[in-house]
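> If you scroll down you'll find the structure; I have some questions about it.
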Amino acid sequence: MEGSDPIFFTYASIYSFMQFIDLITQKNRIRSSLLQRFEAILDHGQFIMGPEVCELESQLAAYTGSRFCVSCSSGTDALLMPLLAKDVGPGDAVITTPFTFIATAEVISLSGATPVFADIDPATFNIDPGCISGAVREATEKGLNPKVLIPVDLFGLPADYESLDTIAAGHGLWILEDAAQSFGSSTHGRRAGSFGLAAATSFFPAKPLGCYGDGGAVFTDDAELDLLLRSVRVHGSGADKYSNDRIGINGRLDSMQAAVLLEKLVIFDEELAARQRVAEAYGSRLRSKLAVPAIPDGSVSAWAQYSLLASSGKERDDIMAALLKEGIPSAIYYKIPLHLQKAFSSLGYREGDFPVSEEMSRRVFSLPMHPYLSEEEIGKICSVVAACV
């Protein structure tokens, strides 16, 4: 799930002095080494899929504990490529959550398959394992072949893979982990990107590990799938790029973006620790006022977003207006669940079909979250929020 910034965030940031995500301070930390990387690329001239890309894939695979990493041009392509590689298409059903960015379900439709939604757990915002069997029944009743499950690690928290693995296996589904927001997180000692047959992540600039444009990666332990993904990434190439064995995409990663990610990886664990400190500071100040994020025992979030639940839509609007008045940006992830989006109207879903997702969409909002928030900034944000509740 790649995740664009909402219009409200864009509007607010124009007039605010506080950053929703501070990429400038981070850039200043790595500027010198980054410029050296860029100069090396200018000298060798391999601007697409250069040596930096191979170096990055090796480091990313090692970081997640996966055998293989296939980089690509966006998080959306990272979700699409495994579906194409595994011949998911017309007549197949892919089960996923309606409480996510459209990319997760969009790639299902692009592959020719049909999205079938399952509601979320109100405590974690992630797909509810208890709803999977119902979605499988729905797909079967529609004459579809349930084939894939795409859980989303929302807001940086891994889904409940211990339960999902068992349920998926029982229904003959393979899992594609949408780790677009969760790179760097973990659950029970396993890092995001290591779950399922394949996992996809995004390097959109706003992500915990982001480049300076679009980028993504697919992780897998399956050697055959690794080869298929590399073919799909370059127009379904065979022996060379002018021999085409299957329908693919133009999904290659630029060397410049790989260079950015390599330098950000150097400070990534330090930044994750700083994100955790920010989340703990928010929680200690706000848990008596609002519903703060719930992190299950054994899990560590990457804190892609810090999302709160207001008691009502009106309270959320009041809080966000008060924040904006003080020059503090906020955002709503996600104000319209996918089953109610016009793009998916042909699926026949209606309001009330996924009540938890709908309720969360009416009440959820996110505060600034990045490693460089100061104690003073955190204090100001929390005081404004608390005064509205």
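> Lysine pairs in the range 27-265 with Cα distance under 21 Å, only those 8 or more apart or on different chains: how many are there?
Working: Lys27/Lys207; Lys27/Lys264; Lys86/Lys147; Lys86/Lys241; Lys207/Lys264.
Lysine pairs, 8 or more places apart or on different chains, close enough: 5.
> For Ala291 and Asp87, calculate 0.36 nm times their separation in residues minus their Cα-Cα distance, and state this gained length in nm to one decimal. Mind dumping the intermediate values first?
On the way: separation 204, 0.36 × 204 = 73.44 nm, distance 4.17 nm.
This chain segment gains 69.3 nm when fully extended.
> Determine by what factor the alpha-carbon radius of gyration of the chain differs from 2.2 N^0.38 Å, reporting the quotient. Walk me through the numbers before you get to the answer.
On the way: Rg = 20.6 Å, N = 389, 2.2 N^0.38 = 21.2 Å.
Scaled against compact globular proteins, the figure is 0.97.
> How much length would be gained if the chain were fully extended between Ala343 and Ala274, taking 0.36 nm per residue of separation minus their Cα-Cα distance, in nm to one decimal?
Details: separation 69, 0.36 × 69 = 24.84 nm, distance 3.81 nm.
Contour length minus Cα-Cα distance gives 21.0 nm.
> Please sort 31-42, 376-387, 258-269, 169-180 by packing, taking for each peptide the average over its residues of neighbouring beta carbons within 10 angstrom, highest first.
Working: 31-42: 13.4, 376-387: 15.8, 258-269: 19.8, 169-180: 22.2.
Taking the mean over residues of other Cβ atoms within 10 Å, the ranking is 169-180, 258-269, 376-387, 31-42.
> Using the basic label-point model (7 angstrom from Cα toward the beta carbon), what is the Thr166 to Asn145 distance in nanometres?
The two pseudo-label positions are separated by 2.9 nm.
> Suppose we keep just the DSSP beta bridges with both residues in the chain; what percent of those would be antiparallel, to 5?
Values: 25 of 40 bridges.
Roughly 60 percent of the beta bridges in the chain run antiparallel, per DSSP.
> Follow-up question, since we're still on this one. In deg cm²/dmol and to the nearest 500, what is the mean residue ellipticity at 222 nm of the chain if only DSSP H runs of at least 4 residues count, each as -39500 (n - 2.57), divided by the residue total? Walk me through the numbers before you get to the answer.
Working: 13 runs with 163 residues, N = 389.
So the calculated ellipticity at 222 nm is -13000 deg cm²/dmol.
> Compute the FRET efficiency between Ile30 and Asn250 as 1/(1 + (r/R0)^6), taking r as their Cβ-Cβ distance and R0 = 35 Å, and round to the nearest 0.05.
Values: r = 29 Å, r/R0 = 0.82.
That gives a FRET efficiency of 0.75.
Only the coordinates and a few stated rules stand behind these numbers; no lab work does. These figures come from a predicted structure and were not determined experimentally. Glycine also receives a Cβ, built like all others from the backbone with ideal geometry; neighbour counts cover every protein chain displayed.
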